[in-house]
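In what follows, a structure is listed as structure tokens, so that the remarks can point back to it.
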Amino acid sequence: MTRVWRWNRPVTVREVLEDLQEERSIAYTTVMTVMDNLHQKGWMRREQQGRAYQYAAVSTRAAYSAALMHEAWSASDNHAAALVDFFGMMSPEEGEALRDALRVVQLSGVRLDVPGR
């Protein structure tokens with residue numbers, strides 16, 4: 001997925017294979033199987049172009065990361081404590097990124113209050 005997100009365009013198995021082979025030896029069938037599995041799981045869509053499929057990510061890397069964070073946070077029985085611990089693990093740069101994101105959310109008019117309070 002990292003390669004597909006980085007290129008931000010539809011890619012073929014051959015393109016991913018050639019990129020991966022710059023780092024390590026890997027078989028075409030291995031890359032094809034992984035990309036097909038990602039397609040079957042709904043992570044990628046594919047279209048046939050001639051004899052080959054072109055694969056593209058269904059969502060952005062940011063959306064995927066957000067879903068993972070939401071899933072992890074939802075698993076906690078104490079959301080506030082989980083957030084406090086999470087913030088405590090952040091580097092100063094990550095903290096600044098969080099502040100920037102909150103400013104963007106506030107400027108966009110998204111409400112962060114909890115319904116029913």
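Within the range 1-37, if we keep just the residues that are basic (Lys, Arg) and within 20 Å of the chain's Cα centre (by Cα), the residue that is modelled with the highest pLDDT turns out to be 9.
Against the test of being surrounded by 10 or more Cβ atoms within 10 Å (Cβ to Cβ) and without any contact (Cβ under 8 Å) to a residue 12 or more places away in the chain, the options 63, 75 yield a single qualifying residue, 63. The single residue among 101, 97, 82, 27 that is in the same structural domain as residue 9 (by TED's automatic domain parsing), surrounded by 10 or more Cβ atoms within 10 Å (Cβ to Cβ) and over 22 Å from residue 8 (Cα atoms) turns out to be 27.
Matching residues to (1) touching a strand residue (DSSP E or B) at 6+ places or on another chain (Cβ under 6 Å); (2) acidic (Asp, Glu):
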residue: 15; (1), (2): no, yes
residue: 21; (1), (2): no, no
residue: 36; (1), (2): no, yes
residue: 54; (1), (2): yes, no
residue: 69; (1), (2): no, no
residue: 77; (1), (2): no, yes
residue: 87; (1), (2): no, no
residue: 98; (1), (2): no, no
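The values are calculated or read from the model by the stated rules, or taken from the named source; none is laboratory data. Bear in mind the structure is a predicted one, so any value in this text is a computation, not a measurement. Because the Cβ atoms are built from the backbone with ideal geometry, glycine has one as well, and the counts that use them run over all protein chains shown.
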